[in-house]
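**Student:** Sharing a structure below in structure tokens format, with a few things to ask.
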């Protein structure tokens, strides 16, 4: 007679069975194409039967989970079996999103990828970087970051980390100059951070070369890949260790939710932190630092993002093609000084972008939904053209189904000051444009009338 486990041992065994079922489901989905993964995720027919037959992932708005017994409670909260316990730590709805994201970001990647969803893209940036900045005795911590980054990231690094915590932030001005990156690294460097492409200048990075450099110094490479999304580029396949997404952008293109995500490969390099951090960074963040800091994603927002993800590849393809048309048209407009778009052969980083950015499951080169351009005759002309837009929305947003424009110097990058904007290469006459799903000619016509002064 076989002795059946009892007490907490029974729940540990049940947890192992649940983990094996999830691994089997993930393995099955990894055999599917990108669009199929985006539509189904890990939510299959048996899961639906457990949810009254719902073919769409339910929204679990309950803040807490009921447990069968004290043994169940103890085992679950000791992280010895899959559970969600409390929505600040986990929730079935966010679980569905995290699993789908990890499969999309890990598409065509040989290793396992894990994800933790966060309440915003900025929360994701914080949770991806803060664990490496633990204060150690007699150590002058620093990290190396591209100066060409989103204004929120710039302020987090310069204000919260550098001024408040005393961490030395070493800015790189030219992403394509590997020597500049290398010269900034020393024994106290904890990670390298870059955006690919960057917001709002669309600067690109040679991810493979930068990953090799990072690993030669036993530190991880963190890449914010928001503008590309997994539909165009998956940095883990090129050697990156951690990927950040603001899910509020093209991955959640309806514009109805704020969310972020941190994704990681297994067994990353790090000079600091416990073994659990290296073995499974995203899971470590989810169960420990994020538990304590509390940047939890709303279950409602998780399902809203999940629904937008189902059409990701098709939307990114259409938006990218439209943006290329708009970029080419802008180069011909007399009021435009310079157009920044990786798809243009005149763009400095075009050759590098061409190596990395490609529509998934195709051979088509695509370069994303966002561009920026500078307006001739200075700040007043820039603001006048911006104010004359009639169809294009004026808002600090991007990746939407609707085309949106903003002047970064007075909005997303306003608070970092002139010196900070100089590091980021964000001049006062720059307009950022996120092209949506409208007909590109209507976008071009609105830009033309606004710039016709």
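Derivation of every value follows stated rules applied to the coordinates shown; laboratory data play no part. Here the structure is a predicted model, which means the values were calculated and not measured. Ideal geometry is used to build each Cβ from the backbone, glycine not excepted, and the neighbour counts take in all protein chains shown.
**Student:** Of the beta bridges DSSP finds with both residues in the chain, what % are antiparallel, to the nearest 5?
**Tutor:** 60 percent
**Student:** Between rounded, prolate and oblate, where does segment 79-137 land on the alpha carbon gyration tensor, with a ≥ b ≥ c its root eigenvalues, rounded for a/c under 1.5, else prolate if a/b exceeds b/c?
**Tutor:** Oblate, because a/c is 1.5 or more while a/b does not exceed b/c.
**Student:** Now for a separate question. By count of other Cβ within 10 Å, fewest leading, how are 443, 116 ordered?
**Tutor:** Final ranking by Cβ density, sparse to dense: 443, 116.
**Student:** Also, I was wondering about something else. Under the definition of Cα pairs under 8 Å and six or more residues apart, what whole-number percent is the relative contact order of the chain?
**Tutor:** 16 percent
**Student:** What nm value, rounded to one decimal, do you get for the distance between residue 163 and residue 79 when each label is placed 7 Å out toward the C-beta?
**Tutor:** Using points 7 Å along Cα→Cβ, the separation is 3.4 nm.
**Student:** Tell me whether segment 198-305 comes out rounded, prolate or oblate; compute the Cα gyration tensor, take square roots of the eigenvalues as a ≥ b ≥ c, and use a/c under 1.5 as the rounded threshold.
**Tutor:** Since a/c reaches 1.5 but b/c is at least a/b, the shape of segment 198-305 is classed as oblate.
**Student:** State, to one decimal in nm, how far the label point of residue 394 lies from the label point of residue 441, with both points 7 Å from Cα in the Cβ direction.
**Tutor:** 2.8 nm
**Student:** Continuing with the same structure: Highest first, please rank the peptides 123-129, 16-22, 42-48 by the mean number of other Cβ atoms sitting within 10 Å of their residues.
**Tutor:** 123-129, 42-48, 16-22
**Student:** Which angle from 0 to 90°, rounded to the nearest 10, does the C-alpha axis of helix 207-216 make with the longest principal axis of the chain?
**Tutor:** On a 0 to 90 degree scale, this one is about 60.
**Student:** Let me ask something else about it. For residue 212 and residue 46, calculate 0.36 nm times their separation in residues minus their Cα-Cα distance, and state this gained length in nm to one decimal.
**Tutor:** Here the answer is 55.5 nm.
**Student:** Working from Cα positions, state the angle (0 to 90°, nearest 10) between the long axis of helix 378-387 and the longest principal axis of the chain.
**Tutor:** 60 degrees
**Student:** While we're here: Suppose the chain between residue 13 and residue 381 were pulled fully straight at 0.36 nm per residue; how much longer would it get relative to their current alpha carbon spacing?
**Tutor:** Fully extending the segment from residue 13 to residue 381 adds 125.7 nm.
**Student:** OK, next. Could you work out [θ]222 nm for the chain from helices alone, using -39500 (n - 2.57) per DSSP H run of at least four and dividing by all its residues? Round to the nearest 500 deg cm²/dmol.
**Tutor:** Rounded to the nearest 500, the figure is -11000 deg cm²/dmol.
**Student:** What FRET efficiency would be calculated for the residue pair residue 188, residue 155, taking the C-beta separation as r and a Förster radius of 30 Å, to the nearest 0.05?
**Tutor:** After rounding to 0.05, the efficiency reads 0.85.
**Student:** Would you mind calculating the gained length between residue 179 and residue 21 on full extension (0.36 nm times residue separation, minus the Cα-Cα distance), in nm to one decimal?
**Tutor:** Contour length minus Cα-Cα distance gives 52.2 nm.
**Student:** Please report the spacing between the Cα centers of segment 303-368 and segment 57-117 in Å, no decimals.
**Tutor:** 34 Å
**Student:** If you line up the long axis of helix 7-29 against the longest principal axis of the chain, both from Cα atoms, how many degrees apart are they, to the nearest 10?
**Tutor:** 40 degrees
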